[in-house]
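In what follows, a single structure is set out as structure tokens and then discussed.
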Amino acid sequence: MLSTIMIVAACASCIAAVPVTKSTDGFSIPIVHTPLEIRDPLAAMFKIYQRYGEGLELPEELLPYAEQQNQKRDVSTVVAKPTARDVEYWCPVLIGDDTLQLNFDTGSSTLWTFSSDTPPSQRGSHRLYTPGKTSVEQTGQTWSVSYADGSKASGKVYYDSVKVGSISVPYQAVQAATSVSGGFISNAPIDGLFGLGFAKLNNIKPTRSPTWFANAMDKLTLGVFTADLRPGTAGAYTFGFINSSRHTGSITYQPLHSTAASRGWWLVDATKGYKICDQAFQDSTGGAAGAVFDTGSTLLMMSDEIVKNYYKKVTASQFAANRGGWIYPCAAKLPDFYVPVGSTYAKIEGKHMTYTKLDTQGRTCFGSLQTLGEKNKNLPYIYGDILFKANYVVFDMKNERIGFAPKRS
Ligand SMILES: *[C@@H]1O[C@H](CO)[C@@H](O)[C@H](O)[C@H]1NC(C)=O
């Protein structure tokens with residue numbers, strides 16, 4: 001709401017300020033593309049009033065700006081808990097009057113939940129979002145999603161207030177399921193998805209909706225959120241600030257890939273190659289599609305060539321199709337692995353490179369690094385939760401970059 005007012009006020013002033021080019025057919029007005037440039041004149045004006053305006057009345061067009069400045073201090077932390085075997089991580093979210101447990105997913109951009117619109121036979125043991133006093137149904141808006149494993153969900157759309165930690169967005173699109181099938185129903189304790197990707201990936205039709213984070217960004221001290229996921233225990237997401245006691249050293253930033261926003265992913269360049277222990281390798285077959293920082297995926301997924309080369313260094317490892325991927329005796333020592341991120345690497349220590357034991361005696365283990373397969377060689381690499389267990393990651397939407405630093409344990 002506030003930002004709409006802002007843009008109207010800002011545009012009125014910027015149109016007045018830019019030259020109008022006349023031509024025989026009519027006239028055109030140059031358009032300023034970046035929101036920052038649009039805001040700057042107002043910021044400068046506001047500063048003058050802050051310095052010299054004591055006792056003066058603020059001009060009306062600066063009121064929304066003043067209001068925004070006053071609100072621009074919000075930061076928040078929310079606990080992220082893993083499900084069994086760290087398959088997914090969830091955080092509590094307050095939607096209207098209901099608290100749900102949602103999978104915070106940087107690889108998608110929908111906020112969907114089980115709801116009172118979901119038929120009782122499809123609710124499983126999930127918490128429900130019940131649209132109430134603060135909700136406004138968006139008639140004509142629908143959504144649907146289906147996954148490779150055959151699970152599906154679809155439904156309608158409400159606007160409602162959505163609060164994460166201490167930060168509330170009053171008009172957030174909430175996608176309430178009217179039909180759910182397959183694995184979603186049995187997937188307790190997760191009641192839906194909380195997308196943190198770019199708007200491009202939102203699946204509301206006919207009109208896409210911004211994510212909660214995009215809506216909250218103007219209220220935040222910094223236009224960032226951070227992920228700190230931990231093996232088998234609670235970690236955290238922060239919004240609007242970087243908690244420097246959660247990492248060591250300084251944060252390395254890399255720009256997003258030029259197609260990141262148009263594809264909707266937190267995508268980085270991945271052409272640098274990779275390292276196993278201290279040995280660097282070129283990536284001869286892949287990397288051109290980039291790599292996605294995806295908290296909604298569990299593992300690291302890369303090309304067959306890289307994966308084979310890594311497991312060459314692991315004693316008695318083998319690809320076991322019947323177990324779903326690369327396995328090895330749990331006694332093996334896994335080397336450190338470095339994945340490409342722009343002009344540098346993110347390190348994943350060997351201790352994170354085992355995803356799970358496959359038997360209670362701990363004889364056979366399943367690796368964190370698995371192959372995308374020949375069929376998917378044009379897909380970006382996927383850096384899932386394994387990377388976030390080793391690194392504190394900053395998703396900087398404002399500056400279109402990703403930052404990371406080793407985790408403080
Ligand atoms: C920052 O992280 C530390 C260590 O995990 C924690 O104790 C502290 O409460 C966090 N600060 C905020 C403001 O969340």
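The amide H of residue 204, built 1.01 Å from its N in the peptide plane, has 209 as neighbours under 5 Å, considering only residues 5 or more places off or on other chains. Of all trypsin sites (Lys or Arg not before Pro) in region 327-409, which ones are in loop regions per DSSP and have a Cβ with at most 15 other Cβ atoms within 10 Å? Here the sparse-neighbourhood loop sites are 333, 363, 377, 398, 408. Sparse packing (at most 11 other Cβ atoms within 10 Å of the Cβ) combined with a DSSP loop state is found for the following chymotrypsin sites (Phe, Trp or Tyr not before Pro) in region 67-169: 147.
Residues whose amide H falls under 5 Å from that of residue 221, counting only those 5 or more places apart or on a different chain, are 74, with hydrogens built in the peptide plane.
Each residue of region 225-241 is assigned a 3J(HN,Hα), and the resulting list reads 10, 10, 10, 10, 9, 10, x, x, 8, 6, x, 7, 10, 10, 10, x, 7 Hz, derived from the Karplus form 6.51 cos²θ - 1.76 cosθ + 1.60 (θ = phi - 60°), x at Gly and Pro. Summing charges over neighbours of residue 141, with a neighbour being any other residue whose Cβ is under 13 Å away from its Cβ, gives +2 when K and R count +1 and D and E count -1. Quick one: which residues, 5+ away or cross-chain, put their amide H under 5 Å from the amide H of residue 320? H built at 1.01 Å from N. Close amide H contacts, sequence-distant or interchain: 325, 326, 327.
Less than 13 Å Cβ to Cβ from residue 298, Lys/Arg counted +1 and Asp/Glu -1: what total charge do the surrounding residues give?
Within the 13 Å Cβ shell, the charges total -3.
Residue 75 sits with roughly 60 Å² accessible to a 1.4 Å probe, with DNA, RNA and ligands left out of the calculation.
Working from Cα pairs under 8 Å separated by at least six residues, relative contact order for region 215-287 is 17 percent. Couplings 3J(HN,Hα) of region 96-104, computed from phi: x, 9, 10, 9, 10, 10, 10, 7, 6 Hz, in residue order, whole Hz [Karplus 6.51 cos²θ - 1.76 cosθ + 1.60, θ = phi - 60°; x for Gly and Pro]. When both bridge partners sit in region 76-179, DSSP labels roughly 90% of those beta bridges antiparallel. Ligands, DNA and RNA excluded, the heavy atoms of residue 217 present near 40 Å² of accessible surface to a 1.4 Å solvent probe.
The values are calculated or read from the model by the stated rules, or taken from the named source; none is laboratory data. Being a predicted model, the structure only gives us computed values, none of them experimental. We place every Cβ from the backbone using ideal geometry, glycine too, and count neighbours over all the protein chains shown. Heads up: the accessible areas ignore ligands, DNA and RNA and are worked out on the full protein's heavy atoms, side chains in. Shrake-Rupley method; radii C 1.70, N 1.55, O 1.52, S 1.80 Å.
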